[in-house]
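Report on the following structure.
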Amino acid sequence: MAAVGREGSGGLGSEPEIGTQEAATRASASAPGIHNGAGDQETTNDHSVPPSDKSEYDDGLDIEKSIDSSISHWDPEPGFAHVDGDIDGHGYNRTTVDVIAVPCVGASPVDTWAREPLEDGYFGLPSPTELEKYPTASQLPGSSILSPTINRHLPKANHLWIRQGIRKEVNTARVMLYRHRELAEGMTLDQAADDLLEQIMKMRSGLKKARPIFFICHSIGGLVAKLALVKANQNQQLKPLIFDCHGIAFFATPHRGSSYMSMPHLRESIQHLLYLQKPLPRSIARDLRVGNKSLLQMHDQFMDIASELRIWTFYETVDSQLSGLGGSDFDEVHFSAPLTSIKSGLVGSRNEQVLSLESDHAHCASFGPLNIRTMLSFLADLGAAIRKAEELSEKFVHTPLKLSENVKLEIIGFYGDPDVEANQEIRLYISKHKLKDFYEKGPEKCLQERMHTVAAKRRRMAPPSRRPLETVRTTTSEPDTSDISPKTGDQDITPTGSGKDDSERKSRAAHRPMFPDFTAGFSRPDPARRKFMWIHLPFNNPHWVKKIFDKLAETQKQNYAKLLNNENWTNKHVQGRHANLHASYVKPGCGFVPAETGSPRPSSPVRAGRSSSPGVSPAHLYLYLPYLHYDTYLNIVRRRNLIKRRMEHGRARPVPKDVAELESLDSRVIWEYIGHDPPLNTRRTLDQFGYPSLRETYARDDEQMLYKLTKEKAPIPFMRKWDVYHSGDGKGPLSALSPSGRLASAAKMFKSSEAASQKAEDDSKLEDNLLDGNVLMVDQLWLWAIDTTTLMTFFPKRESHPTEGPMFQQADLRNSVYNELNGDLSGRCENALDLAAFVTLHAVTVLLERTSHPNLEIFRIFEEALGILTERMTASLKRFRMQTFRDKLQDDSDSDEIEDNRAETIKQRHKRELERAERENRENTSVLLELRDMDDELNTMKNLFIEQETTVKLMKENYEKPELLTFTENGRGFLDEALRRLQEYQKTVRDMIQRVDATKLDVSVRSLTKYSQYEKLQEMVQRQAQVDEARWSRLQTELASSQNMSIMIFTTFTVLFLPLSFFTSLFGMNTKEWSEPDNYFPSLGLIGAISLPASAVLIGGTLIAAYSTRTQSVVKASYKLAKSGVQKTISGLASLGAEEQRRQKRQEKELEQQKMRERRRRELRYDFWENVRAEPHRRYVIPEMNRKTVTRRPTHVYDLEDPM
């Protein structure tokens, strides 16, 4: 148990390692006596007594009565007053999650949560209709809780939300009400945190699998829980507590201190208000002072682990009634004030959910009748978080990522070459170290070990003048590990083993002076002549930035608080909303912060690299610069899928095994730190940089111009695809590196079966089925130049693999800087400020000028694409012109060709024209969309170059300040070169944007109006369509006219012969009047009486059917009904023996549907650039108008301005 005497050392946060070690030792010593988590716990009855009836917040309550009402809760030793549930219980007592309630120190473990009780039976037995909602509701006691270890009933707790409310929402949660030790003068928060850790370890001893933990804390109890988690994070034995902790709720916790709770004159009033056992000890009150460094340091340490937790924060909105003595002992002042201010009560984490309560400080943890809705919302949210924690613990076993052992940090020392005079050359010593080793040793010790690295012995002895004992100068991007002892393993430093390895190393070091002549030109540099050092980490991780600066401050005895304060670092972070994590970045900027008053001026370049002023804040320059880079499409898709999976996972731990075994180190870092606050700044695509407010830019990224123009070549069997750039005969295969294959690549044709197309693909299968290509990215350079002796940089490294071939390690910023420095040791960088400007220059030019692969020539690729689009537009205009000629020729020949005027021929021609128009419209629209995309990306790049220019200008202005002018002669030259390059880039981009606008827009200077050429083309196409429609209408009219003429001829003949037919029919009838008397024929009267009414009825019915729509609908419905009946009859008859016909018809129908689906898929997969590449190569033919012998039509000569 922590000693009480620790009060003198500051109380909060003092000696955390010792305290956590003692807690772990006590927990392990008491573990054997524990059975099922609660074997030795003393569980006593609690009889909650509501507050006085005088007033809800009456300050006249009898404190003795409050203490007596819960006297059974007090115990000199800490422990759990009540435990509801068990680990290996049955039914209601079987739990899988621990919910630990931590009250304020000295407060009741039960009354804290029930000072404003709810109505009786609020959390009682559910109604019969709700029994199905809660599986164990039938076992849940309505008026009592059964202790898991003592077979007796505890008092009523229907109104206690902390137990019945949580168990009703999540019946698998074990609720544990914690009791602090008895208050005594000298007790500290550090001691209370050790007690809490010890008791938790006792209750959880013997666990074989993960068991999630949730904390619910009130007032100072939240500080105790926070400090306990910080201690657990610093002790390897207690790390499982951090992994298992999934959430914490704070009720009015003073995270940044409380003015009133720290006042000594208010101790009795605070005791009376919070129902404390005794007044708050002065040792704790001192730690609660606003701005207490220990309290703020503990909060910063808690923020490092808060990103993995669900955090609920409740703050008070009702002032507490306080009283204190004034100038005399009899002058008592009564006033009201909030004990915890809103600012102090907020954690400040991105994962924090803030809720207000209509209660004062003492009563807020019990919710009360005024906060029922807030309580129900919190219980539902807590239940969802608990179920999510159970799911993660059940499905996954935590696999440590061990990033500190895999991520390597580089330290490069720049020394004056001892073998040349006047310091005209420098010597570079590079050392790679794991983050874990760097945290233990610091940069100085790492460089010292590199300085004493001895080359391994070789089998053959080279001449002394050609074979030095140690190789310190290399032209590769990394030090030659073959010249270092093979026992160094994967670490590029001197071996740190012991025993035989150490003795061998010492033996080699002892024999080194025996060969002074062998090291001519490669003598070991003098550590005192170190000019500066460069520390580089290939990740934009704010968490590692802080830890590295902390280690640098520890080893160099300097204060780096100004570097990472709100003005220079914290407030420059931009975090996206709605989980669009690509929007997390640091605002571009550059600034110089001079040293503190009394601090020495920046060190001279000839001095050794460390400042001699301990504890002061050195002068430093910071730079946050975005720069253009690239990545492969497959890497982007993998990163996208991993981030999506990480968000669904909810938190980094437990880390799935497949994630921990990923080959990509970048993916593992993303999984661990993407949810931190501030989060890891992942690499952004060009559209993510240009549109940070979008929820996602997946569609834009997939349609990026560079990707569409650099897709990999996918061979298609039995097919030969030509592209517009191919100029050969087509007999040889296309090369990806040839002029025709640099920009052109065939898209993969997906010809899978219907079943395969309907099968859902997971992410891994989808990645294997993607065409890879290049995508423009925007990375960040974080740079700090401290004095002139230390440079720290953080920028990402594109993960590449040797299988990429020529693309392997292209445009690598670190390699670009290191190779040029290592290849030109002429003193171009004399100090850290010069190197900072040098790195800035390379960041600006690394992609646009320091690559050798044709697929990374960004401006050339955009120029070629723009040329293609311009040519397509010209070709469309030419086709339109030729189409007008063909249409006019057809118009002239229509009247002569009778065969072409048939109805069937007209419909076919019209159908062909419609298909051609649709195809041309789709192509023209695609060209317009491609131009728009190109214009959008070029404008984004222009904005990037403008931001870079602004930032570099700020950097140059800082370099021209009197404090830095004498140290930045070379650096200003580098910055001038960077500004010149940026101006060239901006001019190039502006020219291309103007060309895009010229392709899209035809600017009329005289009228100052703009007409879109494509809009003109569309307008001409529409006019041509109107002309076509008029022509088709005229043909239809002529056809109808000819048909009318035929009908008129038939009508004329009918009219001529109608009287003859009538009289012939009339006199040909056998009637009574025109026959012999003996014949019994009908008379003319009888025939007229029958035929005339019948004719009238038929004529009337025909007219009604012709002009009545209702009659027509009835006739149509009757016809359809009769037709369906006939078809059913026919199908029924055919079903008797026509199974083969039915199967054939079914196959034909399915084939037709499949063709329709394929046609729709083909329309959805329309790719403009693929169609451009797929066009067959057309041999160019010189126009006839350019020839001497021209064949012309003898009858028709058309002019371009001739009206159609």
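A short reminder: the numbers here are calculations on the coordinates, not readings from a lab. Nothing here was measured: the structure is a model prediction, and the numbers come from that model. Heads up, the Cβs are rebuilt from the backbone with ideal geometry, glycines too, and the neighbour counts pull from every protein chain shown.
Please list 839-849, 391-401 highest first by mean number of surrounding beta-carbon atoms within 10 Å per residue.
Details: 839-849: 23.0, 391-401: 15.1.
Descending mean neighbour count gives 839-849, 391-401.
At a 10 Å Cβ-Cβ cut-off, how would you order T788, T793, fewest neighbours first?
Numbers: T788 29, T793 23.
Starting with the residue having the fewest Cβ neighbours, the order is T793, T788.
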Segment K657-A184, length gained on full extension (0.36 nm per residue, minus Cα span): 165.5 nm
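Per-residue counts of other Cβ atoms within 10 Å, averaged by peptide: what ranking do you get for 313-324, 1059-1070, highest first? Let's see the in-between values first.
On the way: 313-324: 19.7, 1059-1070: 9.8.
So the peptides 313-324, 1059-1070, ranked by packing, come out 313-324, 1059-1070.
If you take the beta carbon distance between A875 and K1149 as r and set R0 to 45 Å, what does 1/(1 + (r/R0)^6) give as a FRET efficiency, to the nearest 0.05? All intermediate terms of the calculation are to be shown ahead of the outcome.
Values: r = 41 Å, r/R0 = 0.91.
Step by step, r from the Cβ atoms, then E = 0.65.
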At 0.36 nm per residue, minus the direct Cα-Cα distance, what do L1086 and E984 gain on full extension? Give it in nm, one decimal, please. 25.8 nm
Suppose R0 equals 30 Å. What FRET efficiency, 1/(1 + (r/R0)^6) with r the Cβ-Cβ distance, do T317 and N571 give to the nearest 0.05? 0.60
By the mean-Cβ-within-10 Å protection proxy, highest first, 975-983, 563-571, 679-687 rank as 679-687, 975-983, 563-571
Quick one: length gained pulling Q353 to L954 fully straight, 0.36 nm per residue minus the C-alpha distance? 212.5 nm
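Compute the FRET efficiency between E1158 and E703 as 1/(1 + (r/R0)^6), taking r as their Cβ-Cβ distance and R0 = 25 Å, and round to the nearest 0.05. Walk me through the numbers on the way to the answer.
Values: r = 23 Å, r/R0 = 0.94.
Computed FRET efficiency for E1158 and E703 comes out at 0.60.
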